[in-house]
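The values are calculated or read from the model by the stated rules, or taken from the named source; none is laboratory data. None of the values given here were measured: they were computed from a predicted structure. Note that we place each Cβ from the backbone using ideal geometry, even for glycine, and neighbour counts take in every protein chain shown. Side chains are part of the model used for accessible areas, which takes the heavy atoms of the whole protein and leaves out ligands, DNA and RNA. Shrake-Rupley method; radii C 1.70, N 1.55, O 1.52, S 1.80 Å.
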Amino acid sequence: MDSLELPDPSDIAVIGGGPAGTFFSIFALQMARMVDKNLNLTIYEPKDFAGEGPSGCNRCGGVVSELLVQTLAVEGINLPESVVQRGINSYRLHTAKGSVYIKAPSNEHSIATVYRGGGPKGVVAEGKQSFDGFLLDLAKREGASLRREKVSRVEEKNGRPMLYTRDGLLQKADLVVGAFGVNSPSARVFRDCDFGYSPPKTIKTAIAEIEFKRDIIPEHFGNSIHLFLLPERDIKFAALIPKQTHLTLCVLGKNMSKSRVSDFLSHPVVKGAMPPGERYELSCTCFPKMNVGASPRPYTARIVMWGDAGSTRLFKDGIGAAYRTGKAAASTAMFHGVGRRHFADTFYKVHRSIVIDNWFGRYLFFITGLYKKHGLMTSGMLNVVEDEQKDPESRRRLSYILWNMFTGSERYKTIFLKAVDLPMHLDLWKEFAGILSGRRP
Ligand SMILES: Cc1cc2nc3c(=O)[nH]c(=O)nc-3n(C[C@H](O)[C@H](O)[C@H](O)COP(=O)(O)OP(=O)(O)OC[C@H]3O[C@@H](n4cnc5c(N)ncnc54)[C@H](O)[C@@H]3O)c2cc1C
């Protein structure tokens, strides 16, 4: 049973047409052609990504990392103008002790912001397309079929998985891939299959779309992401991400609600970051779950789960993680096989590397939490970053760390190794001493 290979032709069912499902489908279909195999690949996705508001959208900040933009270009997937809402070249870090501007490192100039659906409620921008819709179209062009159905049950019969909707049988499959994210109860479908799958741990976050009068976004926010590290309980960090006519506010923390979003927007530091005297409106608010863990056993024979349903990167680059795990699952299935051992030997290594990297991420966020909580440390950090911005790029050590923690695509382990840099700590200690003696603000 464990030496299973895909037959020719084979039937593959992909549950979920978000980035994890579409990246898998694109690569599986391309790889199948390389090995002369025929696939009947069906993507099950009930959402219409052209729809406005949360109903058509896989709710997310929509920042596509530099690494992913470049990697996709190498794969022949270039993000068209119609998908990109704005290019990002810097960010402004706001704290309780002031704010500082952090330029993008010179090798990171293609960060893009996108919408995952048609756009905020009531405003679907003309000539613009959703990121998820774009990927789904690519998968269809590669040969995938799309069925707007929600899979509600998977059962094994005679060694092959069978998929059902509430109304009855959809198909039997040689491989079922679960790319259903964490924002639907679909994990239940696989928990009931009894092979040890349990969904990753999540937190409830908040996303709001803030509408401004035309031209305010480019004039006031430019091409900068505004990042907030405030000593607020239960908020890790928040970001204002500029799109065309809207800013996307993402608040990452615990137990978000409408009142927490409005409290956050009334915070003096946040108010100070907004254009003075300009009125703005929230046109769309939602509270998606965010994966902050990993499924311990995301595969068995003929079934594999990835993207948010399996493992993702802690607090950043979830779309990039969906790409990496989706491609790993596709190459395992096409070039090795679909047995439990095949997934354990190849796909699981990629899943595991993300899990291990997140351990470093957790430690780095713990330290960042201390810097945001204690005023002395916050001021010292701001002073060092401000001075570094005048230095050549190779000496901007703390700026590099902060950039990559929140926006960049660097692995947490690499950031961690840079964070144990002695000269940077000396700079910080000098600042702390200067602030305590009153020589520095
Ligand atoms: C507040 C917030 C901000 C974020 N910001 C960013 C960011 O700026 N950049 C970034 O890279 N990542 C970001 N992420 C993470 C990113 O959204 C996810 O990592 C990414 O969407 C995961 O892709 P996925 O395909 O695994 O899941 P999803 O995008 O959730 O897609 C799952 C799909 O499966 C479908 N589905 C579910 N159940 C079924 C079923 N039973 N049958 C058929 N279809 C089904 C759903 O309709 C959905 O389309 C953010 C997340 C949050 C919560």
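Each Lys or Arg adds one and each Asp or Glu subtracts one; over the other residues with Cβ under 11 Å from the Cβ of residue 58, this totals 0.
Could you please state how large a percent of the accessible area of the stretch 362-436 is carbon and sulfur, counting protein chains only and using a 1.4 Å probe?
62
Evaluated with a Cβ-only charge set (Lys, Arg +1; Asp, Glu -1), the stretch 251-342 carries a dipole of roughly 480 debye about its Cα centre, given to the nearest 20. Within the straight-line cut-off of under 19 Å between alpha carbons, the aspartates and glutamates reachable from residue 157 are 2, 5, 11, 167, 174, 192, 194, sequence neighbours fewer than 8 places apart in one chain being disregarded.
Near residue 237, the amide H atoms lying under 5 Å from its own belong to 252; only residues 5 or more places off or on other chains count, and H is placed 1.01 Å from N. Computed on the chain, with alpha-carbon pairs under 8 angstrom and 6+ residues apart, the relative contact order is 20 percent. Here the stretch 206-287 exposes an accessible surface that is 46 percent carbon and sulfur, computed with a 1.4 Å probe and the other protein chains kept in place.
Each Cα pair under 8 Å and six or more residues apart adds its separation to the average, and for the stretch 356-441 the resulting relative contact order is 36 percent. Estimated from the Cβ-Cβ distance and a Förster radius of 45 angstrom, the FRET efficiency linking residue 335 and residue 440 is about 0.20.
Counting only alpha carbon atoms, the long axis of helix 397-406 and the longest principal axis of the chain meet at about 40°.
Past 27 Å, Cα to Cα, is the threshold; run 47/213; 289/372; 47/271; 121/150 against it and keep the listed order. Over 27 Å apart, Cα to Cα: 47/213; 47/271. The relative contact order of the stretch 206-287, computed from alpha carbon pairs under 8 Å that lie at least 6 residues apart in sequence, is 43 percent. Near residue 108, once Lys and Arg are set to +1 and Asp and Glu to -1 for all other residues with Cβ below 10 Å from its Cβ, the sum equals -1. Three principal axis extents of the chain based on alpha-carbon atoms, in descending order, are 76, 47, 37 Å. Dimensions of the stretch 206-287 based on its C-alpha atoms, expressed as ranges along the principal axes with the largest first, amount to 34, 23, 21 Å. Protein heavy-atom accessible surface, 1.4 Å probe, per residue over the stretch 206-287: 45 Å². Taking 0.36 nm per residue of separation and subtracting the current Cα-Cα distance, fully stretching the chain between residue 55 and residue 417 would add 126.2 nm. A Förster radius of 51 Å, combined with the Cβ-Cβ distance separating residue 271 from residue 74, puts the computed FRET efficiency at roughly 0.75. If you line up the long axis of helix 375-388 against the longest principal axis of the chain, both from Cα atoms, how many degrees apart are they, to the nearest 10? Value to nearest ten degrees: 90. Mean projected area of the Cα convex hull of the stretch 362-436, taken over all directions, amounts to 4.8 nm².
Can you compute the label reach from residue 103? Point 7 Å from Cα along the Cβ direction, backbone N cut-off under 15 Å, restricted to the stretch 66-95. Correct set: 89-92. The sum of -39500 (n - 2.57) across all DSSP H runs of n ≥ 4, divided by the residue count of the chain, sets its helix-only mean residue ellipticity at 222 nm to -10000 deg cm²/dmol.
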